[in-house]
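The values are calculated or read from the model by the stated rules, or taken from the named source; none is laboratory data. Bear in mind the structure is a predicted one, so any value in this text is a computation, not a measurement. Neighbour counts are summed over all protein chains in view; Cβ atoms, including those assigned to glycine, are modelled from backbone coordinates with ideal geometry. Just so you know, the surface numbers come from the protein's heavy atoms only, side chains and all, with ligands and any DNA or RNA stripped out. Shrake-Rupley method; radii C 1.70, N 1.55, O 1.52, S 1.80 Å.
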Amino acid sequence: MSSPHVVFYRSMNLGHPGSPDRATLENALSAAGARGVKSFQTNGTVLFEADDPLSVVAEAAKALESAAGYTEPAMVRGLDLLVDVLGSAPFDGHEDSRTYRKTFTFFDGGRPIELTLPWTNAKDDVDIVELREGLALGIIRKEKSNAGSPTAEIERLAGVPATTRTLGTIERLVKAAGRG
């Protein structure tokens, strides 16, 4: 039985060089067996249903490379996970006047990340407030024009590619899926 899933593509910017346009992205997933495909925003976040979501995304990757030269990793998560995380209010008590964005950073595999939470990086511009399998919840701060990068921190800590979305993106996605 299929359930709603989301694929988070790394470093995708729809319509820009090296990335597909919206129609190409949606068509690649549909042709690979996804149903109800809906690209959300322009950052490579796509809501879909599939019996075997990982296989669908792997098959679509071939079409995305052929059509647009896109070869970055994609992280697949069930919509239920996102709903659960939002319901747990993970950022409560971790924000302050310096908070710029609350983030969800997705990654697959890599080294175990063993941190005492909440953890703050050496630059004092990223806090990791919660870790779940393949998901780091963070807070970034922005000094002048430089914002912290939870993606870079997780990639350094886990040794694998990662991609980040803001809390607002996740909230809008869940709402668009009729779950928020």
Quiz item: With each run of n ≥ 4 DSSP H residues scored as -39500 (n - 2.57), what mean residue ellipticity at 222 nm is computed for the chain after dividing by its residue count and rounding to the nearest 500 deg cm²/dmol?
Solution: -9000 deg cm²/dmol
Quiz item: What whole number of Å gives the distance from the Cα centroid of the range 43-78 to the Cα centroid of the range 1-23?
Solution: 7 Å
Self-check item: Under the span-like rule (Cα at least 18 Å along the axis, Kyte-Doolittle mean at least -1.0), DSSP H helices of the chain
Solution: 53-68
Exercise. Would you mind checking the pairs Lys102/Lys123; Lys102/Lys144; Lys38/Lys102; Lys102/Lys175; Lys62/Lys142 and listing those with alpha carbons more than 26 angstrom apart?
Key: Lys62/Lys142
Quiz item: Which value in Å does the Kirkwood hydrodynamic radius of the range 47-100 take, with 1/r averaged over all unlike C-alpha pairs and then inverted?
Solution: 14.2 Å
Practice problem: Order the peptides 159-166, 109-116 from the highest to the lowest mean number of other Cβ atoms within 10 Å of their residues. | Solution: 159-166, 109-116
Quiz item: Between Val83 and Glu65, what is the spin-label point distance in nm, taking each point 7 Å from the Cα along the Cα→C-beta axis?
Solution: 3.5 nm
Quiz item: Please state the relative contact order of the chain as a whole percent: Cα pairs under 8 Å, 6+ residues apart?
Solution: 21 percent
Quiz item: With the calculation restricted to Cα positions, what are the radius of gyration and Dmax of the chain in angstrom?
Solution: 16.3, 49
Quiz item: Farthest toward the dipole's positive end in the chain, which of Ala89, Pro17, Phe106, given Cβ charges of +1 (Lys, Arg) and -1 (Asp, Glu) about the Cα centre?
Solution: Pro17
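Leaving out ligands, DNA and RNA, and with a 1.4 Å probe, what % of the accessible surface on the chain is carbon or sulfur?
It is 48 percent, rounded to a whole number.
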Quiz item: Rounded to the nearest whole Å², what accessible area per residue is found for the range 1-78 with the 1.4 Å probe?
Solution: 47 Å²
Quiz item: When Rg is the radius of gyration of the Cα atoms in the range 94-154 and Rh is its Kirkwood radius, what does Rg/Rh come to?
Solution: 0.95
